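Visitor: One structure, as structure tokens, below. Some questions next.
The values are calculated or read from the model by the stated rules, or taken from the named source; none is laboratory data. The structure displayed is predicted, hence computed values, not measured ones. Ideal geometry is used to build each Cβ from the backbone, glycine not excepted, and the neighbour counts take in all protein chains shown. Surface areas here come from the heavy atoms of the whole protein model, side chains and all, with no ligands, DNA or RNA. Shrake-Rupley method; radii C 1.70, N 1.55, O 1.52, S 1.80 Å.
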Amino acid sequence: MPLVKIELFEGRTQAQKKAIAEGIAEVFHDVLGSHPEHNWIIFQDRARSDWFTGGNSQTEIDESRKSADT
């Protein structure tokens, strides 16, 4: 029973997540012979403000990049 947890910035559509899940299930089937109904794929949406790099939240990084572009 493969289990994959995927954390993403919030805002992806159900259609996008479904496409990703189908692709992962296909790879598991091709490589491991796993049946799609035996795969668990969990998406966890996270706010950009909850992700940090070097002490700065992704929201702060986005704002800094916007300021640099203007």
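Visitor: Rounded to two decimals, what is Rg over Rh for the chain when you use alpha-carbon atoms and the Kirkwood radius? Working shown, then result.
Guide: On the way: Rg = 16.6 Å, Rh = 14.2 Å.
Radius of gyration over Kirkwood radius for the chain works out to 1.16.
Visitor: Work out the FRET efficiency for Asn56 and Ala19 from their Cβ-Cβ distance, taking R0 = 22 Å, and round it to the nearest 0.05. Please report the intermediate quantities before stating the final value.
Guide: On the way: r = 31 Å, r/R0 = 1.41.
With R0 = 22 Å, the Cβ-Cβ based efficiency is 0.10.
Visitor: Could you list which residues have their amide H under 5 Å from that of Phe43, counting only those 5 or more apart in sequence or on another chain, with H placed in the peptide plane?
Guide: For Phe43, the qualifying residues are Ile6.
Visitor: Please identify every one of the GluC sites (Glu not before Pro) in the chain that sits in a loop by DSSP and has no more than 15 other beta carbons within 10 Å of its own beta carbon. Can you show the working numbers first?
Guide: Numbers: sites: Glu7, Glu10, Glu22, Glu26, Glu37, Glu60, Glu63; in loops: Glu10.
Passing sites in the chain are Glu10.
Visitor: Here's a follow-up. Which of the aspartates and glutamates could a cross-linker span from Lys18 if the Cα-Cα distance has to be under 17 Å and same-chain partners fewer than 8 positions apart are dropped?
Guide: Glu7, Glu10, Glu26, Glu37, Asp45
Visitor: I need to check one value: relative contact order of the chain, counting alpha carbon pairs closer than 8 Å and at least 6 residues apart, in percent.
Guide: Details: 64 pairs, mean separation 26.6, N = 70.
Relative CO of the chain lands at 38 percent.
Visitor: Moving on to the next point. For the chain, what proportion of DSSP beta bridges, expressed in % and rounded to the nearest 5, is antiparallel?
Guide: Numbers: 2 of 9 bridges.
Just about 20 percent of them are antiparallel.
Visitor: Ignoring ligands, DNA and RNA, what percent of the accessible area of the chain is carbon or sulfur (1.4 Å)?
Guide: Values: 2860 of 5380 Å².
Answer for the chain: carbon and sulfur cover 53 percent of the accessible area.
Visitor: Per residue, what accessible area does the chain have, given a 1.4 Å probe and all protein chains present, in Å²?
Guide: Numbers: 5380 Å² over 70 residues.
In whole numbers, the chain has 77 Å² accessible per residue.
Visitor: While we're looking at this one, here's another question. Treat every Asp and Glu Cβ in the chain as -1 and every Lys and Arg Cβ as +1, leave all other atoms uncharged, and give the resulting dipole magnitude about the Cα centre to the nearest 20 debye. Provide the component values of the computation, followed by the final result.
Guide: On the way: 8 positive and 12 negative charges, 12 e Å.
My answer is approximately 60 debye.
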